[in-house]
Each structure stands twice: as structure tokens, then as C-alpha cells.
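All remarks here apply to the structure that follows.
Every number in this text was worked out from the coordinates using simple rules, so none of it is lab data. From a predicted model like this one, the values you see are computed outputs, not experimental measurements. Here the Cβ is made from the backbone with ideal geometry for all residues, glycine too, and neighbour counts use every protein chain on show.
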Amino acid sequence: MTIIKPVESPTVTAPLSKNSALRWVRKNLFNSVFNTVLTFVMLYFVYVAGKGMWSWGITDAVWIADTRRECFAISIDGACWAGVYAWFDNIFYGRYPREELWRINLGLVCLVIWMVPLWLPRVKAKISIGMTTVFLYPFLAGYLFSGGAKGVFMQFMVTAAIVCLLVNTLHAIVGVCSGRSLLEFIVTLFGKKNASSKRGRNILVGLFAIIFVVIYIWQMNWTVERIPWTKWGGLFLTLVISGIGIAMALPSGILLALGRRSNLTIVRVFSTTFIELFRSVPVITVLFMATTMFPLFMPQGFVLNKLVQVIIAVCMFNAAYMAETVRGGLQTIPKRQFEAAHTIGLGYWQTMGLIIMPQALKHMIPNIVGNFITLLKDTTLVSIIGLFDVLGMLRSISKDSPWLGLHKEPLVFGAFLFFVICFAMSKYSRHLEVKLSTSHKK
Amino acid sequence: MAVSDNSKKSEQIKPKEQFDFFHDERVRSVLYQLLTAAAVALVAWFLISNTSKNLEARGMHTGFSFLNVAAGFDSYFKLIPNEAGVGTYGRIFVIGALNTLYVSLLAIVASTILGFFIGILRLSSNWLVSKVALAYVEIFRNTPLLIQIVFWYISVFSLLPRVRNSIDLSGGLELVLLNNRGLYLPWPVPGDSLWLTGIALIVAIIAVCVFRRWAKASQDKTGQIVPTIIPSCLLLIVLPGAVYLLTGMPLEWDVPKLAGLNFSGGATLPPSFVTLLVALSAYHASYTAEMVRAGILSVNSGQYDAARSLGLKQGRLMSLVIIPQAMPAIVPPLISNWMSTIKNSSLAIAIGYPDLVSLFMQTSLNQAGYAIELVSMTMAFYMFVSLIISGLLNIYNKRIQLVER
């Protein structure tokens, strides 16, 4: 027998849907008494800090003024961004002659054009593109930045770099459009199906030789004014120093790390000594050593300029740091990989280059990027030994007579600049890590 | 049959027995090592011969005898007494080393505590709290320490009020005062019988250790949990406190007093010291926070489930299950973070705190020359400290390995 209750069951409100904002707030901010209190305390804290920063940096700030006095006249409590704005060129380019700034910009644009194919899909031979960036781009950029008369070697290298840049770009365009490499494309253009045939290769070699000669003749008449390194400065100098440091650190770090793990006792001892020596002392002492002791190390009459001294020092300590990162990556490779490589008869360099390094580098990416970020941040130390890098420039704003005593705003701006660069780099490395990870664990 | 065919073939292949000089592994290994050694020796010879020629040409002296020469300057902040024109360069080295160690040890303690705190906030289930902690970490990690130090120095510690309008950090008691000359603290002056209190404290600590060991043994035997925290706290406070009171409170505080234009008495920490301490702690705390977070997250989530299913409460779950497993992941990077704190304290040079680099590598080098000796002594100091710290790390790793089986 069934009993049917004549009473209506009470209505229950529908549970909040998974995506509702209210549910999210309740779950993440007010899920217990303690958390509720914490949320309100934090809200108050964020409100006070945010309001202070907002009114100082935005609403009360002065954006257009000619002197610091004028800033004060307009608003006494706010930031005086006008001073930073007036020094913008100095912060980015240092004392580089204003009419020659296009050279720095062109150099950067070349670098971007050179590197972009590395990120494009369907482009082949990315390793060679990366290698040419490291080995040829510096000559082009070095000539663009410093200028002056070219020796025969420099003429050759600049030509090679320009040819390489052209080929790279064409290769990238062809790659994106058709998914083939430039070589295949040209060979098929001439109606030859087989890329490895002798005829096709001859055509290619001839073509490159013609381009090379044409560019060589063109660049002989192309000279730019010489600009001494003392005029370099600002973010440009910071990027040059850390860029060279990064480019040198990876190969030398890999060599040092391999040396440290080597079976050859003498190689191991030297590598370990070098790494431990440079890792255990502060960066600033290495820089001091470079400026005080390198002149003594050099043969008489041979003078290294300060920039070169600093760059050598930066390369040395960064190679040591990178070596430890690489060693950490190598340690993640299980022994069976080495054994498998030996079993199929690979020698030491083949094992390392074909089996171990490709796997290890993938593990290392976050740490390598972390290293780059550290290097970029550490490059500010060169301002202590008297180079006008970005921090040196920021600090000299307060000594410029219209902006006398303007300390805080330039430093905040500099911190912001570094934050943007470093944060973007670390986010990108996180992305790469996820993209490259082939393991199935989540 | 195919199998027998294969075995016949493999019999036919004989390994090459002949000795190939250039392709023998042992020969190669010796050859490579000799080549490396020769290259390094060549570079070393090149550098040393150049240096000796340069030194001769410039008429520079070498040797460590200058350490006994009186230095013509003095450091404004020092832990051992010194006088300009009397104290030697050797003494300057000791002062610099002590200053470096002093500020970095305090910064290590502060950054570790702050870092643990922020790391735990970062793991909070409260979205807002965890995001605020994340913002802290990202801001401090992604900006150069040098900019941070200069910023603290210029826009915080040089905007402090003058002596007359000092900020009272102790809330009206005028004990801890902050102004643009530095931080003024009361300093303890021990009386005659203070050593008795010290002994009482040591006795209390030993007693607590014994008590805890007994409590653990009794828990292992009977399964009953003996409360240890409150009795040990009581023991630690009551025993030394009682001795202190019985011996007639033999400790006086030297309180800073306004005398004329400045404070006298108490301990003074110059603004550069306070700046460096704050900046180093804030910067390295952000790294510590990430280490703590990563360490705790590295513990398998199954461990939480297992501990909860055993009926452990949140506090015991953390202290008995999670933290012990997270520590092996936290401690090694933490110790190398300590090392970088010590190394980064050398940035003191930017704000004029007299640490080893600024006193010895800059001022002494400008005054006395002897570049090679000064630079190598400074570097040797840092290497020595790093050696000690990596020794600590090795001891820790050994212990962990033993426990891990």
C-alpha cells in the first residue's frame, strides 16, 4: 500500500552552478571564518597599497614638465614622470649620437628577423638558424654598433652575415608557405627533381657565390661612422653585455659540464676548479678582478678597454653558472641511455650530441632561462664599476641639473623595465616547459 | 636453418686484435689529458710572465707584508675596535669580513622566516592571499637586487626624519628609535652573575631534549601521546626566569638617550646596514617562498589522503607526514640560497656599507695598491665561506640518504 502525502515537499534552491561567480567567491574567499577574516584583512591591505601607488604614480603624477621644480609646482605628492620621459633616449641608448640611433634599431630589427624563423611552424633546419645567429649575427651587429673602417676579415664576416640573413629570411618565407626548405625549393624551381644531384648543387653554389660577390662589392662602399664604446650605454649596453654573456655561456657551459663529468682526471679537475671558483665568489668581485687585474695579465702595450674586460668577466662567471645548470640537466638522464648509446656503437661525442644533450637540454630549459634572467639582473652591477648601463643612466638623472634629486621615479621605472623583461621570459619558459614535456605524468 | 646460418656468420667475424695507436681509448685519454694540461699551463705561464713583467715595469710591490702596515682610514661601522692610522690592513680585513658575516647572517635568518611565511601564504586556499603572495614573489624576483637596494636606500631610508623627530618603533616607550642616522636599539649590559642564568638556560634545554626523547619512547611503547609542547615551553621559561629573578636580575639595558644633537648609549645600526638587511631579506625571502612552496607541493597528494584516512588532524598531518617529506626538497636549495645571500651582501658597496668588498677591495686597493693580493684574499674569504656551507649541505644530504634507505 502506498501512502501519498498530501503535503508539498519544501522547495530547495538549486545549487549554484559550477561556473557561477558567487560559488567561486564563496569557495575561494569565504570558505571558513578564518579565511573570511583573512580576506578582509588582505582586501584592506591591497586597497591601501593600491590606492597609494595609484595616486602617487598615476592620478597625482606629473607627465609633462621641463624641470623638477615645475613638477613640484603642479603636484607635490605625485611622481614626476616628466624627468624619466625627458631621459628616455638616454635610458635606452646611453650617450650614443642621436642621429646614429637608427643603427641600434636596425641591429635589433636584424636580430628579430634572424630569430623569428625559430618560432615559426613548418620552417626546417632551425638548429642551423640558431647557430648562425650565435656565430654570424655578432659580426653584423658589432659593425653596425661600433662602425669605422672594416678590415678584410670584418668585410668577409659582414658579407657572410648579410647573405645569411637574406637566405634565412627567404628560407623562412618558403618554409611557411610550402613547408619545404629553401634548397629543395630552388632546385625544383630549376626543374630538377632530385635535390642531391650534382647539377642542382652546382646551381646552388653558383647562386650563393653570385649573391656573396654582389653583397661583398656593395658593402665595400658602405661604411658607417666610428662610435667609441664610451658612448654606448643605457639598456642597449645592458643588452649587449648580457647578450654576449648568454651566447657564450651556453656552449662553454656545456663544455665545462661535460669536462666536470669526464673520466679524464685532469680535465675533470680543471673544470671543477674553474666552476667552483667562479660560483663561490660574488659577481662584483669578479668584475673588480677584471678591471684591476686584467691590465696586469696582458702583454705590455696591449690595452683592453673596460667594456671588453667586463664582457670577459661576465662570460667567465656565467659559463660557470651555466655549467652547473647543464650538469643538473645531465644528471636527470638515466644511465641506461648512456648504455644504450654505447650498445649501438656510438662514440663519446655522438652519444652526447645525439642522445644525451637533446634530452638533457629539454629538462634544463626552465633553469637555463632562469640563468638568463639572473644574468640580465646581474648585469646592472657593471654600473658599480663605472659603466653607464641602464642603472647608471637611471642614477645619473638625479645629477642632471633640471632634475636634480629625482631618485625615486627613475628607479621605479628601471625596476618596471626589468620586471617586464624578466617576467615575460619566465612565463615563456614555463610555456616551453609544458610544450616540450613528452612525459605523460601530469 | 636461418638460426644456424647466423651463428656461423658470427663465428666468422673476428675482433681486431691489432693495436691502433690513434684509436686506442687509453692512449687517447692520456693524450687528451696531456693536451689540456699543456694548454692550461701555457695560459698560466702567459698570464704569470706578463704579470711579473708588468709589476716590474710599474714598480709595484708584491707580498703580504702590507697586512702589517697601518691603514690610513677607518670603517664607520665595526664590530671590533679600530682606529685610523693605527689599525693595520689585516685588521681592516677582519672588520670587513665580520661586517659581511654579520649582515648576511641576520639577513639569512630574516629571509628564511619571512620566506617560510610567504611560502605558506602562497599555498593558502584563500585565492586573494595566495595571489598577494604571488605578486610579492614575482615583483621581488624579477627586479635586480641592486635596484632594490638603491631604492630602499634612497627612497626609504634617506627620507627618514631627523634625530629630533625620530620614529619610535616601540610605541611610545622610546626604546627602539629610527631616524636618518640609523636604527637605535637598547643594548644589554650583563651583570656579574648573569652566567648563572645562562647555565640555567642550558640545563633547561638539555632537560627539554631528555623529556622529548622520553615522551617519544613512551609513545612508541604505549601508544599514548604525551603532550610535549606546553611542558617544554614552561620548562624553558620558568627555569632560567627563576634563576634570573633569584640572582637579582643581573642584566641592565643601555637605552639610547637624546643627548644634544644625537643619541648616546644603546646600539646604533647605520642606515646602510638597515637598508642592506631589509633589501637582502625581502629579496631572498621571495626565493625561499618559492622553494618552500615547491617543496611542499612535491609531496605526493596520496600522502595527504593516507594521513587523513589514518585520522590525523591538519596540524599533525603537516608536522608528521608532509613537512618531513618536504624538507629534503627544501633544504638543499635553501642552503644555496643562504650562500647567495652572503655573496649578494657584497652589493653593500653601492650604498656605502663597509663590508669586505667595499673596505678591502675598494678602499684598501685605492690606498695601498697590491691589487693581486687584495683581490685574491677577498675571493679566498668567499670561497672559504662557500666551502663551509657546501660542507653543511653535504652533511645534510648524507643524513637524508641514510634515512631514505
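Side notes on the structure shown:
- Local electrostatic count, residue A:383, Cβ distance below 15 Å [Lys/Arg +1, Asp/Glu -1]: +3
- Taking the inverse of the mean reciprocal distance over all distinct Cα pairs, the Kirkwood hydrodynamic radius of the stretch A:32-149 comes to 19.4 Å.
- Calculated [222 nm] ellipticity per residue, helices only, for chain B: -21000 deg cm²/dmol; basis is -39500 (n - 2.57) per DSSP H run with n ≥ 4, divided by all residues, nearest 500.
- Cα lying deepest toward the dipole's positive end in chain A, options A:168, A:53, A:142, charges on Cβ: A:168
- Centroid-to-centroid separation of the stretch A:64-123 and the stretch B:233-254 [C-alpha atoms, Å]: 63 Å
- Whole-Å semi-axes of the ellipsoid equivalent to the stretch B:187-254 (Cα gyration tensor, √5λ, descending): 33, 10, 8
- Nearest-20 debye value, chain A charge dipole, Cβ charges on Lys, Arg, Asp, Glu: 1760 debye
- Taking a Cβ cut-off of under 15 Å around residue B:184, the surrounding Lys, Arg, Asp and Glu residues balance to a net charge of +1, with basic ones at +1 and acidic ones at -1.
- Look at the Cα gyration tensor of the stretch B:41-121: its axes a ≥ b ≥ c give a/c of at least 1.5 with a/b at or below b/c, and that counts as oblate.
- A dipole drawn for chain B from +1 and -1 charges on Cβ atoms has a positive end, and of B:121, B:358, B:317 the residue lying farthest that way is B:317.
- Dividing the summed helix terms, -39500 (n - 2.57) for each DSSP H run of n ≥ 4, by the number of residues in chain A produces a 222 nm estimate of -22000 deg cm²/dmol to the nearest 500.
- Among A:344, A:28, A:355 - extreme Cα towards positive end, dipole of chain A, charges at beta-carbon: A:344
- Using the Cβ of residue A:261 as centre and a radius below 13 Å, the other residues enclosed give a net charge of +3, where K and R count +1 and D and E count -1.
- Taking the Cα centre of chain B as origin and assigning +1 to Lys and Arg Cβ atoms and -1 to Asp and Glu Cβ atoms, the resulting dipole is close to 920 debye.
- Volume in Å³ per residue [convex hull over Cα atoms, computed for the protein assembly as shown]: 372 Å³
- Entries in A:435/B:398; A:231/A:427; A:124/A:435; A:126/A:427; A:51/A:408 that, when Cα-Cα distance is taken, lie over 28 Å: A:435/B:398; A:231/A:427
- Among the cysteines of chain A, those with no neighbouring cysteine Cβ under 4.7 Å are A:110, A:164, A:177, A:315, A:422.
- This ranking places B:152, B:195 by how few other beta-carbon atoms lie within 10 Å of each, fewest first, which gives B:195, B:152.
- Taking every DSSP beta bridge that has both ends in the protein assembly as shown, the antiparallel portion is near 90%.
- Whole-number percent relative contact order across chain B, with pairs defined as alpha carbons under 8 Å at least 6 apart: 21 percent
- Prolate/oblate/rounded call for chain B, Cα gyration tensor, a/c under 1.5 rounded: oblate
- The phi-based Karplus calculation (6.51 cos²θ - 1.76 cosθ + 1.60; θ = phi - 60°) puts the 3J(HN,Hα) values of the stretch A:299-315 at x, 4, x, 9, 10, 8, 6, 4, 4, 5, 4, 5, 5, 4, 4, 4, 4 Hz, whole numbers, x for Gly and Pro.
- Principal axis box of chain A, alpha-carbon based, largest edge first, Å: 98, 80, 55
- Taking the Cα centre of the stretch B:187-254 as origin and assigning +1 to Lys and Arg Cβ atoms and -1 to Asp and Glu Cβ atoms, the resulting dipole is close to 540 debye.
- Three-way shape call for the stretch A:110-226 based on the alpha-carbon gyration tensor, with the a/c threshold at 1.5: oblate
- Counting only other chain Cβ atoms within 10 Å of each residue's Cβ, the peptide A:410-419 averages 5.
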